[in-house]
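Asker: I'd like to ask you about the structure that follows.
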Amino acid sequence: MYKDNPMLNRRAFLKQLGGLGAALLLRPEAVIAAKRPAIIKAIPATGERLPVIGMGSWITFNVGNSTHERAARVKVLQAFFDNGGALIDSSPMYGSSEEVIGEGLKTIRNKDKLFAATKVWIFGKKSGIRQMETSQQLWGVKRFDLMQIHNMRDWETHWQTLKEWKAEDRVRYVGITTSHGRRHEELAKAMAKTPFDFVQFTYNLEDREAEQRLLPLAVERGMAVIINRPFQRGSFFNRVRGKPLPPWAAEFDCQNWAQYFLKFIVSHPAVTCAIPATSRVDHMLENMGAGFGRLPDADTRRRMVEYFESL
């Protein structure tokens, strides 16, 4: 859900792969060909397991009717699935993103692991139902794996509908989201009284407010956690431009800054999945690499914060 900021340090990713060379450009799946374990976490409500790196679509998939841009997004989707991706997150708020995703899914191979997640973002019960049915048509899926109430809009109304839909097997999981820190208290109150399967909010190296209340509450209530804005809308790459990774980043299989940011997030015990977004294949490969190998432990996570704050 985050607009990419094309940076030289991200372009340098392929150079860091050394001997794999140009073959990676032809075979995105080769990036994860090294025999490193994929990192997966359980959805508390069922025990079903998801890869810790998903894909957002805010801005990046809102490309209108451009044939060229739509074709480019198909390549991004293919790289996502080639590298073990599952959860794709979108919303009616994101312009043409749902339509672009649905069109792309028609031509994607090995998409059997798709975990389709979108949102309802409107006032009123009937309007919400129409919006969710339209999203289903745009994606071309028989049902959504996850339907979320976007930014808590008219959430109590939509919660009643989603309870019914889940009971009727029209959706597998239900959730609620926010991307605004000012709504954290309101979100916490909703989480405390409502049995959502998933909750989505912002958490990253700079914005760690969720550690105080939302992340512990999600564990207490048995809710899966999706994290948005992992790169703080791309501003993190400006901050680290031209600066080296600490040498100890190799201890948790971190090859670049994108993986540094993402591995910090998904190493939190309460986090199920992070959803960075990109419009570029090379950045997708970079992001997906964070879903393999080792994760930092608690001491290393503190060290990561200290190093980042020192930059």
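Asker: Just wondering, is there one or more residues in the range 110-117 that are modelled with pLDDT under 95 and over 29 Å from N204 (Cβ atoms)?
Answerer: yes
Asker: Still on this structure: Does the range 28-40 contain any residue that is of a type outside the set (D, E), at pLDDT 95 or above and crowded, with 18+ Cβ neighbours inside 10 Å?
Answerer: yes
Asker: Among (1) among the small types (G, A, S); (2) on the phi > 0 side of the Ramachandran plot; (3) buried (at least 21 other Cβ atoms within 10 Å of the Cβ), where does S135 come up short?
Answerer: If we test S135 against (1) among the small types (G, A, S); (2) on the phi > 0 side of the Ramachandran plot; (3) buried (at least 21 other Cβ atoms within 10 Å of the Cβ), just (2) comes out false.
Asker: Would you mind telling me which numbered condition in (1) surrounded by 20 or more Cβ atoms within 10 Å (Cβ to Cβ); (2) touching a Lys or Arg at 6+ places or on another chain (Cβ under 7 Å); (3) assigned to a helix (DSSP H, G or I) L187 fails?
Answerer: (2)
Asker: Now a separate question. Out of curiosity, is T278 over 21 Å from T202 (Cβ atoms), of a type outside the set (A, V, I, L, M) and surrounded by 17 or more Cβ atoms within 10 Å (Cβ to Cβ)?
Answerer: no
Asker: May I pose another question? Quick one: which helices (runs of 4 or more DSSP H) lie wholly within the range 200-282 and hold at least 1 residues that are over 17 Å from the mean Cα position of the chain (by Cα) and at negative phi?
Answerer: Hits in the range 200-282: 214-221, 235-239.
Asker: Here's another thing I want to ask about it. Can you run down the residue pairs with Cβ atoms below 6 Å, 6 or more apart or on separate chains, where the first is in the range 42-71 and over 18 Å from I227 (Cα atoms) and surrounded by 13 or more Cβ atoms within 10 Å (Cβ to Cβ) and the partner is modelled with pLDDT of 95 or more and acidic (D, E)?
Answerer: Once the first residue is over 18 Å from I227 (Cα atoms) and surrounded by 13 or more Cβ atoms within 10 Å (Cβ to Cβ) and sits in the range 42-71, its partners that are modelled with pLDDT of 95 or more and acidic (D, E) give V63/E69.
Asker: For the range 161-199, how many residues are more than 18 Å from the chain's Cα centre (by Cα), within 18 Å of L146 (Cα to Cα) and modelled with pLDDT under 95?
Answerer: Number satisfying all stated conditions: 0.
The values are calculated or read from the model by the stated rules, or taken from the named source; none is laboratory data. In this text, all values refer to a predicted model and were calculated from it rather than measured experimentally. As a convention, Cβ positions derive from the backbone with ideal geometry for all residues, glycine included, and neighbour counts pool all protein chains shown.
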